[in-house]
Amino acid sequence: MAFVPALPVIGAFTLAAAILIVTPGPDMTLFLGRALTQGRLAGIAALLGASTGLFVHTMLAAFGLSALLATSPAAFFTVKAAGALYLVFLAVQAIRKGSALTLERRAAPGRSFLENWATGLGINLLNPKIVLFFVTFLPQFVSVQDPDAGAKLAFLGLYFIALELPACTAMILAADRFSSALRSSPRIARAIDYVFAGVFGAFALRIVLTRAQ
């Protein structure tokens, strides 16, 4: 199975993905908000929509970056280097501004499963930060000289979705307790911010200190 990265790469990716999944953002705000105001099924529908968007981003990033690698390995490494700078930016922002989770508990008009799914899909697809992140994040885990880099990029993107779905479903099922814990204990949120900054700062440093492999 040449498309499966080495175990150390999967381990590093799993750590980074876990930090990403528990870091509040637009997707989490949407599916937890829908769970609190319209019920768990609405939250799961929004989550599935967001995950569908992640699948689209994964395929576009994998095929686009594969084409870039085939055309110019040097350009691919440039993308990795730019990604390192972007990860540094995210790390600094996490420390300076922190992650925000703003949820409203007011009753909202009922929406169908499909409407909630479409909302999750739209928020994910139209968020330029997610596009930029996937294009710069995934290349950090493949080698420029790897002939199976494209397949590995796709595998990692799908693996991220496989990690995200059960974890976020658990958040939805415990939406009241999870959201209350984040809002009532600033230390938890700040701890997530610092771990996020540390992990992604380390990835950026790794790119800076190593040559294209």
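Taking the conditions (1) of a type in the set (A, V, I, L, M); (2) out of contact with any Leu (no Cβ under 6 Å at 6 or more places or on another chain); (3) at pLDDT 80 or above in turn, Ala149 satisfies each one other than (2). From the list Ala67, Ala94, Ala108, Ala118, pick out the single residue that is modelled with pLDDT of 75 or more and small (Gly, Ala, Ser). Testing whether each residue is modelled with pLDDT of 75 or more and small (Gly, Ala, Ser) leaves just Ala118. Is at least one residue of region 128-140 more than 21 Å from Ile19 (Cα to Cα) and buried (at least 18 other Cβ atoms within 10 Å of the Cβ)? Checked against the condition, which is being more than 21 Å from Ile19 (Cα to Cα) and buried (at least 18 other Cβ atoms within 10 Å of the Cβ), region 128-140 yields no hits at all.
When we screen Thr37, Thr52, Thr14, Thr58 for residues that are among the hydroxyl-bearing types (Ser, Thr, Tyr), at pLDDT below 85 and part of a helix (DSSP H, G or I), the only hit is Thr37. If I go through region 155-171 residue by residue, how many of them are within 20 Å of Ala35 (Cβ to Cβ), open to solvent by 50 Å² or more (accessible area, probe 1.4 Å) and small (Gly, Ala, Ser)? Of the residues in region 155-171, 1 are within 20 Å of Ala35 (Cβ to Cβ), open to solvent by 50 Å² or more (accessible area, probe 1.4 Å) and small (Gly, Ala, Ser). For beta carbons closer than 9 Å, sequence separation of 6+ or different chains, a first residue in region 86-103 that is on the phi > 0 side of the Ramachandran plot and a second that is modelled with pLDDT of 70 or more and open to solvent by 70 Å² or more (accessible area, probe 1.4 Å), the qualifying pairs are Gly98/Arg190.
The values are calculated or read from the model by the stated rules, or taken from the named source; none is laboratory data. Keep in mind that this is a model prediction, so the values were computed, not measured. Please note: Cβ atoms are built from the backbone with ideal geometry, for glycine as well, and neighbour counts cover all protein chains shown. With ligands, DNA and RNA removed, areas are computed over all heavy atoms of the protein, side chains included. Shrake-Rupley method; radii C 1.70, N 1.55, O 1.52, S 1.80 Å.
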